2 protein chains.
Amino acid sequence: MIALQPGHETAQIPDIVIRRLPVYVRTLRDLHERGISSISSDDLAKHIGVTAAQIRRDLSYFGKFGKQGKGYDTAYLAETIASILGLDKQWDVALAGLGNLGRAIVRYRGFADESFNIVALFDHFADRVGQEVGEMTVLPDDQITKVIQERGIKIGIVAGPAAVAQSVADQMIAGGVQAILNYAPVVLKVPSGVTVREIDPVSALQSMTYYLGDHGDSHLDDQDTD
Amino acid sequence: MIALQPGHETAQIPDIVIRRLPVYVRTLRDLHERGISSISSDDLAKHIGVTAAQIRRDLSYFGKFGKQGKGYDTAYLAETIASILGLDKQWDVALAGLGNLGRAIVRYRGFADESFNIVALFDHFADRVGQEVGEMTVLPDDQITKVIQERGIKIGIVAGPAAVAQSVADQMIAGGVQAILNYAPVVLKVPSGVTVREIDPVSALQSMTYYLGDHGDSHLDDQDTD
DNA sequence: CCATGTGAATGTTTTCACAGCT
DNA sequence: AGCTGTGAAAACATTCACATGG
């Protein structure tokens, strides 16, 4: 993790800015891989589908990364933002809930490639405990707190049904988890100091149907980042 | 779909409000099922994890649904909002991309329960074409436009890899799709009139790691609805 | 001359606070 | 007495527009 530049350490950075940074990293890495070593905020904005002013403003919270008249070095900026986010290390992740969704998440290679290793699996239901998934053994819920604490895991994924999601989250937090990715269709209550992001495809679909009616025109090119 | 009350037909309602409505519907239906027939904005806010003023303001875009001194009728409000969103009918959905993720989505019962039926499957890769998934035959990409048009499908799910996502989306849109749920880690370019919501768990995780560093305190109980 | 970084302006969203209805 | 619905205020986010530096 790099040091922020002087005058930036204490600024309170809006969460909405933080949520856009991963998309910048992904896009900049892609540009770099395609042989583009430098890019203006204008061109980057076109790739991402936001405004150039927004990119410049977002970056200004962290320092000065561009060269006037030239633009940004794609490789340097990608790895600088990645470092600000803490993506220059691998993070251990615990996952609870091994139904269809949980298994698909364990099989998914995208997390490991992007700084996250799922290293512990839990399930509420006895018939799943002891099963092997992705070379790991599924443990019972009552071990969540202990295992997370022992291994120093800071990130949890909740993939089980709504009815057990809060209890699982509570046990993860008791073990020291400070970030939860929640796939359950329920709003988790967490103490301050814990960040939650919801993955809610059903709500996403249900909100889009509004624009399929005879209401107002749709006209949004929404770029939700979750 | 119910008629909006007079004076509300033409108001331009913020998308951020629309995106919160599914959570209101879900919570109100749950309260109703648990035998709670009436609730104040204050109590509803506590259940959802937002402020009471926000709920009242959000609802005010659509009409007056409460009884002063009493609160809201849970069943009535749930079905009224559902109707505003267009959830009082089932919507046909086309899905492209039948890797692990796509198969998990087809198997997932949550969509069908919440107004969405996946009725057509497509894949770019020849070895998946012709396979049976969830009692449907996987069709090749070059049939996307035709089948969507013939069946009048308005909603698409893009579950394939980033490299083919834009091309698949373009073909869906050519067939008449106006709403896309995008699981691919790429920003889709779509014409005005088409709504896109991103499902991006990797970005969600990557943004939370920011708060696990020695930056500012985490303090957010984020309620992302996508 | 080009494109950043940023004050200032604008636009949007949330919250306050209370008049008014039941 | 309790709680809604909503003007007005405050907070927040985006965009403009330009001085500045390479």
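Suppose we filter B:Val50, B:Val93 for residues that are among the aliphatic types (A, V, I, L, M), under 30 Å from A:Val106 (Cβ atoms) and modelled with pLDDT of 95 or more; which single one remains?
B:Val93
Could you check the stretch A:104-132 and list, in sequence order, the residues that are among the basic types (Lys, Arg) and modelled with pLDDT of 95 or more?
The one that is among the basic types (Lys, Arg) and modelled with pLDDT of 95 or more: A:Arg128.
If a residue has to be of a type outside the set (Phe, Trp, Tyr) and over 27 Å from A:Ser40 (Cβ atoms) to count, how many in the stretch A:77-113 make the cut?
The first filter runs over the stretch A:77-113 and keeps only residues of a type outside the set (Phe, Trp, Tyr), leaving A:77-90, A:92-107, A:109-110, A:112-113.
Checking the rest, the ones that are also over 27 Å from A:Ser40 (Cβ atoms) come to A:86, A:89-90, A:92-107, A:109-110, A:112-113.
Selection size over the stretch A:77-113: 23.
Looking only at residues in the stretch B:38-66 that are small (Gly, Ala, Ser) and in contact with a helix residue (DSSP H, G or I) (Cβ under 6 Å, 6 or more places away or on another chain), which one is surrounded by the fewest Cβ atoms within 10 Å (Cβ to Cβ)?
If we take residues in the stretch B:38-66 being small (Gly, Ala, Ser) and in contact with a helix residue (DSSP H, G or I) (Cβ under 6 Å, 6 or more places away or on another chain), then B:Ala52 is surrounded by the fewest Cβ atoms within 10 Å (Cβ to Cβ).
Return only the number of the condition from (1) hydrophobic (A, V, I, L, M, F, W, C); (2) surrounded by fewer than 19 Cβ atoms within 10 Å (Cβ to Cβ); (3) within 14 Å of A:Met136 (Cβ to Cβ) that A:Phe122 does not satisfy.
The number of the failed condition is (2).
Specify the residue that is nearest to B:Arg19 (Cα to Cα); the eligible residues are those in the stretch B:56-80 that are within 13 Å of DNA strand C (Cβ to nearest atom) and within 13 Å of chain A (Cβ to nearest Cβ).
B:Asp58
Assess whether A:Val138 counts as being in contact (Cβ under 8 Å) with a residue 12 or more places away in the chain, surrounded by fewer than 19 Cβ atoms within 10 Å (Cβ to Cβ) and not hydroxyl-bearing (Ser, Thr, Tyr).
In short, no.
Take the residues in the stretch A:32-49 that are within 14 Å of chain B (Cβ to nearest Cβ) and touching an Asp or Glu at 6+ places or on another chain (Cβ under 9 Å), then tell me which one is farthest from DNA strand C (Cβ to nearest atom).
Per the stated criteria, the residue is A:Gly49.
Looking only at the stretch A:122-133, decide whether some residue is more than 24 Å from B:Thr27 (Cα to Cα), among the polar types (S, T, N, Q) and more than 10 Å from chain B (Cβ to nearest Cβ).
Residues of the stretch A:122-133 that are more than 24 Å from B:Thr27 (Cα to Cα), as a first pass: A:122-123, A:125-133.
Filter once more, so that each one left must be among the polar types (S, T, N, Q): A:131.
If we keep only those that are more than 10 Å from chain B (Cβ to nearest Cβ) too, we end up with A:131.
Yes, because at least one residue in the stretch A:122-133 is more than 24 Å from B:Thr27 (Cα to Cα), among the polar types (S, T, N, Q) and more than 10 Å from chain B (Cβ to nearest Cβ).
Please count how many residues of the stretch A:73-103 are free of Cβ contacts under 8 Å to residues at least 40 places away in the same chain and touching a Gly at 6+ places or on another chain (Cβ under 9 Å).
Number satisfying all stated conditions: 2.
What number goes with the only condition from (1) more than 16 Å from DNA strand C (Cβ to nearest atom); (2) of a type outside the set (Asp, Glu); (3) farther than 27 Å from A:Ala104 by Cα; (4) more than 10 Å from chain A (Cβ to nearest Cβ) that B:Ser83 does not pass?
(4)
Determine whether B:Gly69 is within 11 Å of DNA strand D (Cβ to nearest atom), in contact with a helix residue (DSSP H, G or I) (Cβ under 9 Å, 6 or more places away or on another chain) and part of a loop (DSSP other than H, G, I, E, B).
Values: within 11 Å of DNA strand D (Cβ to nearest atom): yes; in contact with a helix residue (DSSP H, G or I) (Cβ under 9 Å, 6 or more places away or on another chain): no; part of a loop (DSSP other than H, G, I, E, B): yes.
Considered against the rule, which asks whether it is within 11 Å of DNA strand D (Cβ to nearest atom), in contact with a helix residue (DSSP H, G or I) (Cβ under 9 Å, 6 or more places away or on another chain) and part of a loop (DSSP other than H, G, I, E, B), B:Gly69 comes out as no.
From the set of residues in the stretch A:134-147 that are of a type in the set (D, E, K, R) and farther than 21 Å from A:Ala179 by Cβ, which is nearest to the other protein chains (Cβ to nearest Cβ)?
A:Glu135
For the stretch A:27-36, indicate whether the set of residues that are part of a helix (DSSP H, G or I) and among the hydrophobic types (A, V, I, L, M, F, W, C) is non-empty.
Yes, the stretch A:27-36 has at least one match.
Check off (1) surrounded by fewer than 18 Cβ atoms within 10 Å (Cβ to Cβ); (2) of a type in the set (A, V, I, L, M); (3) in contact with a His (Cβ under 9 Å, 6 or more places away or on another chain) for B:Val168 and give me the number that stays unchecked.
Looking at each condition in turn, B:Val168 falls short on (1).
The values are calculated or read from the model by the stated rules, or taken from the named source; none is laboratory data. Bear in mind the structure is a predicted one, so any value in this text is a computation, not a measurement. Cβ sites come from the backbone with ideal geometry, for glycine too, and all protein chains shown count toward neighbours.
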